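Participant: Okay, handing you the structure first.
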Amino acid sequence: MSFLTLTGVEKTYPDGTKAVKGVDLAIAQGEFVVLLGPSGCGKTTTLRMIAGLELATAGRIHLAGADVTTLKPSQRDVGFVFQFYALYPHLTVAQNLAFPLECVGMPREERERRLAGVVGRLGLGGLLSRYPRQLSGGDQQRVSLGRALVRTPAVWLMDEPLGTLDADQRLALRDFIREQQLDLKVTTIYVTHDQEEAMALADRVVVMEGGLIRQVATPAEIYQRPATLFVASFVGSPGMNLLKGEVEADGFRPDGVDMLLPAQAAPQPATLGVRSEHVTLDGPLPGTVVLDEYLGAWRNLHVQTACGRIVARVAAERPHRVGEAVRLGVDPAHCSLFGADGARL
Ligand code: ADP
Ligand code: MG
């Protein structure tokens, strides 16, 4: 059996809201799993049921071989990492960091090794003798995240822990979380609505929509072979270009365009998905440039075509004029096809 399993887990709140509608998930020991999805899709509720802060209204949760479905949070060996945590105001940074380890009676040598790791990774060396009131908000957040992640429960549960930080702090703390997790090998479930954060952190990503899991896979698989139209458009920046059309006997024909793309599926209405980096400027599909975004290493060229707006990632060097006529192509080896129900064909 896996280290952490959810079997048919549901949550209906007392007001009748069905927040989680039947989740099956098996997580291996030491795995870093990210729950990804838009606001309201049931990520926090799922995490809180694993923590024991909410009780599942159906299904079972097993952790480390035991059925924990109805256990109190204190009876489960989980560390819940919130977005805001208060530091102890009367303790220094060093004392704040050491406190959780002293509480569990960790031997001095191991404690000092752990603390040195956290202090080094977070760059807190110069702040150890300060009190929380002498720290900036960002530094307080770093210390509190460090304090949460020196401890090694069976699982770390993190609910958007970087939510309020500015971009450079987010990146630094994201690296800290992953390095600390790789070092201590604590099984981790991390919730975010930020697809880039999910891709960067996860061994496997769980994409949720409307209380249901839509796909569980590695970041590469999620990105390259999305299981549904929703996953295709939610993951990636920008999301996949989606062209409505029809699979015919000899290929896929986008609506309103006289061109055929190779496609391996039975004839039916379908949507073709292609990432911006697999759209070329040497194809048969005519279009007009509506926006040219310069992004340093490349440009995102937004092109209006007869089958909708398409974003092409093109070389940074040459700027394009709004109104310019271009002819787009797609790399057939990197196309996804979705049926009328939204599922991958
Ligand atoms: P997420 O974390 O993905 O944004 P949540 O798990 O917080 O989603 O919420 C899922 C759904 O459950 C939402 O529709 C939300 O409004 C609803 N919800 C969350 N908490 C409660 C509650 N205590 N009572 C009723 N509905 C709730
Ligand atoms: Mg949430």
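Readers should treat all values here as calculations from the given coordinates under stated rules, not as data from a laboratory. Remember, it's a predicted structure, so these values are computed and weren't measured experimentally. We place every Cβ from the backbone using ideal geometry, glycine too, and count neighbours over all the protein chains shown.
Participant: If one computes the Cα centroid of the stretch 11-25 and of the stretch 229-276, what distance in Å separates the two points?
Facilitator: 33 Å
Participant: Moving on to the next point. Amide H to amide H, which residues 5 or more places from PHE252 or on other chains are under 5 Å from it, using H placed in the peptide plane?
Facilitator: Under 5 Å from the amide H of PHE252 lie the amide H atoms of LEU261, ALA263, each far enough along the sequence or on another chain.
Participant: Can you list the residues, at least 5 places off or on another chain, whose amide H is less than 5 Å from the amide H of LEU328, using H built in the peptide plane?
Facilitator: GLY283, LEU285, GLY287
Participant: Give me a comma-separated list of calculated 3J(HN,Hα) values for the stretch 68-74, in order, Karplus coefficients 6.51, -1.76, 1.60 applied at θ = phi - 60°, integers in Hz, x for any Gly or Pro.
Facilitator: 10, 3, 10, 6, 6, x, 5
Participant: Related question: Just to confirm the number: angle between the C-alpha axis of helix 167-184 and the first principal axis of the chain, 0 to 90 degrees, nearest 10?
Facilitator: So the helix axis and the longest Cα principal axis differ by about 60 degrees.
Participant: Under a cut-off of 25 Å between alpha-carbon atoms, report the lysines in cross-link reach of LYS244, not counting same-chain residues fewer than 8 places apart.
Facilitator: none
Participant: Determine the calculated [θ] at 222 nm for the chain from helices alone, applying -39500 (n - 2.57) to every DSSP H run no shorter than 4 residues and normalising by the residue count; nearest 500 deg cm²/dmol. Working shown, then result.
Facilitator: Working: 8 runs with 84 residues, N = 345.
When only DSSP H runs of four or more count, the value is -7500 deg cm²/dmol.
Participant: Continuing with the same structure: What are the aspartates and glutamates whose alpha-carbon lies under 15 Å from the alpha-carbon of LYS18, with same-chain residues fewer than 8 places away excluded?
Facilitator: Correct list for LYS18: GLU10, GLU54, GLU209.
Participant: Along the charge dipole of the chain, which of VAL257, ALA220, ALA116 sits closest to the positive end, that is, farthest toward it, with unit charges on the beta carbon of Lys, Arg, Asp and Glu (+1, +1, -1, -1)?
Facilitator: Towards the positive end, the residue furthest out is ALA116.
Participant: Sticking with this one: Just to be sure I understand the model, the point goes 7 Å from the Cα along the line to the Cβ. What's the resulting ALA172 to ARG108 distance in nm?
Facilitator: Output for this residue pair reads 3.2 nm.
Participant: Have a look at HIS334, VAL274, VAL322 and report the one farthest towards the positive end of the charge dipole of the stretch 238-338, computed about the Cα centre with Cβ charges (Lys/Arg +1, Asp/Glu -1).
Facilitator: My answer, from the dipole projection, is VAL322.
Participant: Hey, which lysines would be in cross-link range of LYS21, C-alpha to C-alpha under 28 Å, not counting anything within fewer than 8 residues on its own chain?
Facilitator: LYS11, LYS43, LYS72
Participant: Taking θ as phi - 60°, what are the ³J(HN,Hα) couplings along the stretch 53-64 by the Karplus curve (6.51, -1.76, 1.60), each to the nearest whole Hz, with x for Gly and Pro?
Facilitator: For the stretch 53-64, the Karplus-derived couplings read 7, 10, 9, 5, 8, 7, x, 10, 10, 10, 10, 6 Hz, x marking Gly and Pro.
Participant: Can you list residues whose amide H is under 5 Å from ASP159's amide H, if they're 5+ apart or on another chain and H is modeled 1.01 Å from N?
Facilitator: Excluding prolines and chain starts, which carry no amide H, the hits are VAL81, VAL191.
Participant: Which ³J(HN,Hα) values, rounded to whole Hz and listed in residue order, are derived for the stretch 323-329 from phi using the Karplus coefficients 6.51, -1.76 and 1.60 in 6.51 cos²θ - 1.76 cosθ + 1.60 with θ = phi - 60°, glycine and proline given as x?
Facilitator: Along the stretch 323-329, the couplings run x, 4, 8, 10, 10, 8, x Hz.
Participant: Would you please put 41-52, 306-317 in order of how densely packed they are, using the mean number of other Cβ atoms within 10 angstrom per residue and starting with the highest?
Facilitator: Values: 41-52: 22.6, 306-317: 16.5.
Highest-to-lowest ranking by the protection proxy: 41-52, 306-317.
Participant: Gap in Å between the Cα centre of the stretch 34-95 and the Cα centre of the stretch 165-196?
Facilitator: 16 Å
Participant: Tell me the net charge near VAL119. Cut-off is 14 Å between Cβ atoms, VAL119 excluded, with +1 for each Lys or Arg and -1 for each Asp or Glu. Please list the in-between numbers first.
Facilitator: Working: positive: ARG111, ARG113, ARG114, ARG121, ARG130, ARG142, ARG147; negative: GLU112, ASP139, GLU179, ASP183.
Combined, the nearby Lys, Arg, Asp and Glu give +3.
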